[in-house]
Amino acid sequence: MIQIRNLIFSYTGNTPYILDKINLNIMERSYVSILGENGSAKTTLVKLILNLLKPLSGIITLDTEKIGYVPQRVENFNSQFPITVSEMLKCHMKVLKLKNSRSILNSLEAVGMENFKNTLIGDMSGGQQQKIFIARALMGNPKLLILDEPSTGIDIQSQQEIYSIIKHLNLHLGITVLAVEHNLKAALDNSTHICLMENGSATLYPIDEYKEML
Ligand SMILES: Nc1ncnc2c1ncn2[C@@H]1O[C@H](COP(=O)(O)OP(=O)(O)OP(=O)(O)O)[C@@H](O)[C@H]1O
Ligand SMILES: [Mg+2]
């Protein structure tokens, strides 16, 4: 699903490279959790895969253009901004040029949030907001779902619901999942592979192999 060959990147264009000759091969239908210290370039790698940043050198090939993205939550996200769930999703429909008016309801049903259509985003809990951001990411029926720390700052109950949604999408809809994780337990419980990032490198382990190293 994702092939990365000799990827090199730094924000300055010069050494030191924060990603230094990365090679990865992420298979269709896998669920990969990216682990690594703060600043180990996890979000940067995700942005390169999403084509939001350009590699200094190297090649990233994706098998699909249908990608859903749930960004890392911003701490001072203006939750007072007066917009309802369906207004936000309607906006995203336009971005994706979707015509089917059911796509909003379909995506809300996929995360069990169909009763929140007319709720203001600012009136929701962090967990509910996150489910709405997952719904938004699902609107174009993605083949690949990329999430950046899906459970950071979210209550335990919502965390469990969110991972059960993600796991369902992976197992039953065959969506390939790439999730940056600080939640080690969630990574161990749900993923098929761990991508460990340290010192500018990235190594992919099958989950059982990774567990044996702990
Ligand atoms: N837009 C930017 N311009 C310049 N440097 C940046 C930019 N974004 C990130 N960096 C730097 O690149 C390095 C990697 O950042 P990145 O956000 O990818 O790390 P991360 O692994 O996602 O960290 P965290 O776990 O804190 O989210 C850090 O040293 C960071 O300061
Ligand atoms: Mg990050």
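Assorted remarks:
- Total residues in segment 23-43, condition within 16 Å of ligand 2 (Cβ to nearest atom) and hydrophobic (A, V, I, L, M, F, W, C): 4
- Segment 6-22 - residue that is out of contact with any strand residue (DSSP E or B) (no Cβ under 8 Å at 6 or more places or on another chain) and polar (S, T, N, Q) and, of those, nearest to ligand 2 (Cβ to nearest atom): 12
- Here residue 82 meets the list (1) at pLDDT 95 or above; (2) over 20 Å from the mean Cα position of the chain (by Cα); (3) of a type outside the set (Lys, Arg) almost entirely, failing just condition (1).
- Checking each residue in segment 38-52 for being near ligand 1 (Cβ under 7 Å from one of its atoms), surrounded by fewer than 18 Cβ atoms within 10 Å (Cβ to Cβ) and assigned to a loop (DSSP other than H, G, I, E, B) picks out 38, 39.
- The set of residues in segment 188-214 that are in contact with a strand residue (DSSP E or B) (Cβ under 7 Å, 6 or more places away or on another chain), within 16 Å of ligand 1 (Cβ to nearest atom), touching a residue at least 12 places away in the same chain (Cβ under 8 Å) and assigned to a strand (DSSP E or B) comprises 194, 195, 196, 197, 201, 202.
- Hits in segment 1-37 - residues which are closer than 14 Å to residue 202 by Cα, among the hydrophobic types (A, V, I, L, M, F, W, C) and not in a strand (DSSP E or B): 18
- Yes/no for residue 49 being under 16 Å from residue 145 (Cα atoms), among the aliphatic types (A, V, I, L, M), within 15 Å of ligand 2 (Cβ to nearest atom) and in contact with a Cys (Cβ under 8 Å, 6 or more places away or on another chain): no
- Odd one out for residue 121, checked against (1) buried (at least 21 other Cβ atoms within 10 Å of the Cβ); (2) farther than 23 Å from residue 2 by Cβ; (3) within 16 Å of ligand 1 (Cβ to nearest atom): (3)
- Being buried (at least 17 other Cβ atoms within 10 Å of the Cβ) and either touching a Gly at 6+ places or on another chain (Cβ under 7 Å) or under 30 Å from residue 13 (Cβ atoms) (or both) is true of residue 60.
- Residues of segment 131-172 that are of a type in the set (Asp, Glu) and either at pLDDT 95 or above or surrounded by 16 or more Cβ atoms within 10 Å (Cβ to Cβ) (or both): 148, 149, 161.
- The residues of segment 131-151 that are over 17 Å from residue 72 (Cβ atoms) and either hydrophobic (A, V, I, L, M, F, W, C) or in contact with a strand residue (DSSP E or B) (Cβ under 6 Å, 6 or more places away or on another chain) (or both), listed by number, are 135, 138, 139, 142, 144.
- Of all residues making up segment 1-37, the number that are polar (S, T, N, Q) and crowded, with 17+ Cβ neighbours inside 10 Å: 2
- Segment 53-74: number of residues that are within 13 Å of ligand 1 (Cβ to nearest atom) and not basic (Lys, Arg): 4
The values are calculated or read from the model by the stated rules, or taken from the named source; none is laboratory data. Owing to the predicted nature of the structure, the values given are computational and were not obtained by experimental measurement. Cβ: placed from backbone, ideal geometry, glycine included. Neighbour counts: every protein chain shown.
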